[in-house]
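Notes to accompany the following structure.
Bear in mind these aren't lab numbers, they're just calculated from the coordinates by the rules spelled out. Since the model is a prediction, treat every value here as computed from it, not as a measurement. No Cβ is skipped: glycine too gets one built from the backbone with ideal geometry, and neighbour counts run over all protein chains shown.
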Amino acid sequence: MANIKFFNTESFPLEMHKVCTVQQLTIPSVERRVEALYETGFNSYRLTTDDLYLDMLTDSGVNAMSNEQLASMLRADEAYAGSATYKRLSAKIKEIFNKDYFLPVHQGRACENMLARGLVKEGDIIPMNFFFGSTVNQIKQCGGTFRIMLCDEGLKLQSDVPFKGNFDLEKLESFLKAERGRVPFMRIEAGTNLIGGQPIALDNMLAAVRLCKEYGALAVLDASLLQDNLYFIKTREEAYKNASIREITRKLADAVDIIYFSARKLGFARGGGICLNDSEIYERLKAFVARFEGFPTYGGMSVREMEAICVGLDDTMNEDVISQGPQMIAFLCGELQKHGVPVVTPPGGLGCHIDAMKFVPHIPYEQYPAGSLACAIYIASGSRGMERGCIDEPWEDGKPAYGAMELVRLAVPRRVYTVSQMRYMADRVAWLYEHRDLIGGIKFESEQHKNFFDRLTAVNDWPYRLAEQFRRDFGDSV
Ligand code: F0G
């Protein structure tokens, strides 16, 4: 997927891998899709994969492994303590991130749990370019809170600013000055999940880290979505267009004190880890890993996954590999835009993000526009995305507290889906957009159960009417 030019056609993402193993898929009928929603509770988390064509819920733990990764899993060294696999992964971390210590944990939120327990105390405030649910929960559990430092452009859904995940550096500096002593660390999320997978520029991260050093706070990088962000630095940030992915990674890694990641995203496997140089903090966190995760040379991960991460991290340094996700996402966004479908721009990493407030402006907040749209997309396509809006956020004064965005994310797991599958999704979502007035709201079935994994239902019979329209337009096609 490097810089390919075409003779006779519009540009499209070209796969730089071939398929070795396939998983057969089916598309459930539109009648079955409606039935499945009523059975499972109008919540895409609750659908099961036998009722799905494309699973675009998330990129977490569902990226395709390479033949080299699968091969590496066979040499995994099963040992409770001190395995050769741990040594190999630590050496890979040292090679790529130049950090001396590596603590494996079972996934990203476990890194956040260890870091919060080790670094956050009552009354502390953690600044970050944007919040992520799992991070914030761990910080709050230790008596801390968080402050969003995102640049203004970050919350504009349609924009041509290349790095909407950037810190507002002035805001950050006055915050660090005012709260000196209450800020154990700053968290950088690169890329930024909840604002549409938007990247943050390397120079912006380096400047934010310099401020931290000045005001005595550690700089912690959440590298879960780093692979897409590296691609965007290379292709959108003029100063680094001639730098290699390894050089960019190293410049960033050398600046920050601690790097953690969900290996369900970074590294094409499942697991997570914390990388650092400070021996005192390492010892402190290690005690928590031993207590909550597993012995600190496996930390709750299977050693096979650890071997796969080792190879996956190397793949992450390959521009052809890391361009696949963002190019596929840009392609899907572009196809949708041709039909006027409102998407977050510029396209970011992780997935294509649809602006629900513009798609279904007639659905009020209290009836969850993004959650409703995710259900309607399932009826239209047999495929699921994820509500990225107000269902699971705290509410204040009858409105979602941070509900600046109400999105449906069609995640694009890396190396999994093809260009034709993206075109299918664009076709079905474009059809839905034509019939958006048929989409209605949803509501929780019970006042006691109002979490993102709980049951909801349609406010009226709109799902049946949408399915009838589908039959009229598509005949006996699924
Ligand atoms: N940080 C970021 C930026 C993430 O996107 C995630 C997970 C985590 C941390 C937590 O990692 O799931 O391994 O515990 N994001 C997933 C998603 C859940 O679907 O966006 P985890």
Over the Cα atoms of the chain, each weighted equally, I'd like the Debye log10 I(q)/I(0) at q = 0.07, 0.12, 0.13 Å⁻¹, rounded to two decimals.
-0.36, -1.09, -1.27
Can you give the angle from 0 to 90° between the axis of helix 84-97 and the longest principal axis of the chain, with both taken from C-alpha atoms, to the nearest 10?
90 degrees
0 to 90° range, to nearest 10: angle between helix 419-434 axis and the chain longest Cα axis
50 degrees
Once amide H atoms are placed 1.01 Å from N in the peptide plane, what residues at a sequence separation of 5 or more from VAL412, or on another chain, have their amide H within under 5 Å of its amide H?
GLY351, CYS352
Given a Förster distance of 35 Å, report the FRET efficiency between ALA290 and ARG250 from their Cβ-Cβ distance, rounded to the nearest 0.05.
0.70
For the Cα atoms of the chain, what angle does the longest principal axis make with the long axis of helix 369-381, in degrees from 0 to 90, nearest 10?
60 degrees
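Going by how many other Cβ atoms sit within 10 Å of their own, how do ASP397, ASP473, ASP427 line up, fewest first?
Details: ASP397 5, ASP473 11, ASP427 15.
Going from least to most buried by this count: ASP397, ASP473, ASP427.
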Relative frequency of Cα-Cα separations exceeding 25 Å in segment 1-106, percent
55 percent
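How far, in nm, would the chain grow between ASP397 and PHE452 when pulled straight, counting 0.36 nm per residue and subtracting the alpha carbon separation? Kindly include the intermediate steps, with their values, before the conclusion.
On the way: separation 55, 0.36 × 55 = 19.80 nm, distance 2.00 nm.
Difference between extended and current length: 17.8 nm.
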Could you compute Rg(Cα) / (2.2 N^0.38 Å) for segment 328-478, with N its residue count?
1.03
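Quick one: dipole size for segment 328-410, taken about the Cα centre, charges +1 on Lys/Arg Cβ and -1 on Asp/Glu Cβ, in debye to the nearest 20. It would help to have the intermediate numbers written out before the result.
Numbers: 6 positive and 9 negative charges, 78 e Å.
Here segment 328-410 has a charge dipole of around 380 debye.
Which FRET efficiency value, to the nearest 0.05, do you get for GLU39 and LYS18 by plugging their Cβ-Cβ distance into 1/(1 + (r/R0)^6) with R0 = 30 Å?
On the way: r = 38 Å, r/R0 = 1.26.
Result of the calculation: an efficiency of 0.20.
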Go through segment 203-215 residue by residue and turn each phi into a ³J(HN,Hα) via Karplus (6.51, -1.76, 1.60, θ = phi - 60°); whole Hz please, and just put x for glycine and proline.
4, 5, 5, 5, 5, 5, 5, 4, 4, 4, 4, 4, 9
Other-chain or far-sequence residues with amide H under 5 Å of THR145's (modelled H)
ASP124, ILE125, ILE126
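Would you please calculate the Kirkwood hydrodynamic radius of segment 94-146 over all C-alpha pairs and express it in Å, rounded to one decimal?
On the way: mean 1/r = 0.0833 Å⁻¹.
It works out to 12.0 Å.
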Do any trypsin sites (Lys or Arg not before Pro) in segment 44-92 lie in a loop, going by DSSP, with at most 13 other beta-carbon atoms within 10 Å of their beta carbon, and if so which?
ARG75
Write down the percent of antiparallel bridges among all DSSP beta bridges whose residues are both part of the chain, to the nearest 5.
65 percent
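Find how much the distance from GLU170 to TYR464 grows on full extension, using 0.36 nm per residue of separation minus their present alpha carbon separation; answer in nm with one decimal.
Numbers: separation 294, 0.36 × 294 = 105.84 nm, distance 5.17 nm.
Here the answer is 100.7 nm.
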Segment GLU434-PHE7, length gained on full extension (0.36 nm per residue, minus Cα span):
150.4 nm
Considering only DSSP states other than H, G, I, E and B, which GluC sites (Glu not before Pro) in segment 128-214 qualify as loop sites with at most 16 other Cβ atoms within 10 Å?
GLU179
List, in order, the whole-Hz ³J(HN,Hα) value for each residue of segment 309-314 obtained from phi through the Karplus relation with A = 6.51, B = -1.76, C = 1.60 and θ = phi - 60°; use x for Gly and Pro.
5, 3, 6, x, 5, 4
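Percent of Cα-Cα pairs more than 24 Å apart in segment 104-199, please. Each step should come with its number before you reach the end.
On the way: 1085 of 4560 pairs.
Tail of the P(r) past 24 Å holds 24 percent of the pairs.
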Starting at the first residue of segment 4-13, write each ³J(HN,Hα) from the Karplus equation 6.51 cos²θ - 1.76 cosθ + 1.60 with θ = phi - 60°, in whole Hz, x for Gly and Pro.
8, 9, 10, 7, 10, 8, 5, 5, 8, x
Sorted by chain and number, the residues with a modelled amide H under 5 Å from that of GLY273, at a separation of 5 or more or across chains, are VAL105, PHE261, ALA263
Let's test the formula: R0 of 56 Å, r as the Cβ-Cβ distance of CYS142 and GLN337. What FRET efficiency results, to the nearest 0.05?
0.85
